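As structure tokens, the structure follows; a few thoughts come after it.
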Amino acid sequence: EAWRRHSWLTRRLLKRTRFIANSQYTIERALPFIPEMQIASSQVVHLGLGSPRNPEQPLHTVRIAVMIGRMDIGERYKGHHEVIRAWPEVLKAVSNAQLWIVGEGAMRPELESLASELGLTDTVRFYGRVSEAEKEALLNAARCLVLPSRAEGFGLVYVEAMRAGRPCLVGHDAGREVV
């Protein structure tokens, strides 16, 4: 992980290394931790997937936003809390909207409690960990991906959603660059 202070040996070796990252955001965020790294010797190589899915696939009649990501304590930056807190406003505009949250982690009980406190148990659904096939099916059923992260280094889920022909609502991190 580039977003932490490295040993003197690693920093010294990095002076002679070309730094390849999956986003410009990652390079810029790594610089304070690896000042020996030069942007001039850095290169962005965006991740990608195969061919796009069939964009003609019909959309689900319910307006579904899907949020995919780990819910570990260190992942608070992904925006789960903010999206759940904003969901009542979404429901005012789109009464049949649903938020499907995919992923697992220590924050899940806290997020489920927040959804319950806000009276959202009928419109916010937690799926937990899913297989790749299940994730693909959820993306295909959804209208959009919502992941307003504040510190995503790349976010492969954005590419997966775009591959399914779904728009992505992102934050001001690498997600904006990727999308």
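The values are calculated or read from the model by the stated rules, or taken from the named source; none is laboratory data. These figures come from a predicted structure and were not determined experimentally. Using ideal geometry, Cβ is built from the backbone for each residue, glycine included, and neighbour counts are taken over all protein chains shown. Protein only, heavy atoms only, side chains kept; ligands, DNA and RNA dropped before computing areas. Shrake-Rupley method; radii C 1.70, N 1.55, O 1.52, S 1.80 Å.
Taking the Cα centre of the chain as origin, work out the dipole magnitude from +1 charges on Lys and Arg Cβ and -1 charges on Asp and Glu Cβ, in debye rounded to 20.
Computed charge dipole of the chain: roughly 680 debye.
Roughly how many percent of the accessible protein surface of the chain is carbon and sulfur, given a 1.4 Å probe and a whole-percent answer?
53 percent
Kirkwood Rh, Cα Rg: Rg to Rh for the stretch 57-141?
With Rg and the Kirkwood Rh in hand, the quotient comes to 0.96.
Which three semi-axes in whole Å describe the equivalent ellipsoid of the stretch 100-179, each the square root of 5 times a Cα gyration tensor eigenvalue, listed largest first?
Ellipsoid half-lengths, sorted descending, are 22, 16, 12 Å.
Do the sum for the chain: with -39,500 (n - 2.57) for every DSSP H run of n ≥ 4, divided by all residues, what is the mean residue ellipticity at 222 nm, to the nearest 500 deg cm²/dmol?
Helix-only estimate at 222 nm: -9500 deg cm²/dmol.
What percent does the relative contact order of the stretch 128-168 come to when contacts are Cα pairs within less than 8 Å and at least six residues apart?
47 percent
May I ask you to give the solvent-accessible area per residue for the chain, in square angstrom, as obtained with a 1.4 angstrom probe?
Counting only protein heavy atoms, the per-residue value for the chain is 55 Å².
Using Cα pairs closer than 8 Å and at least 6 residues apart in sequence, work out the relative contact order for the stretch 70-116, in percent.
Relative CO of the stretch 70-116 lands at 64 percent.
Do you know the relative contact order of the chain, to the nearest whole percent, from alpha carbon pairs under 8 angstrom that are 6+ apart?
So the answer I get is 25 percent.
Expressed as a whole percent, how much of the Cα-Cα distance distribution for the chain exceeds 26 Å?
Here the long-distance tail beyond 26 Å is 38 percent of all Cα pairs in the chain.
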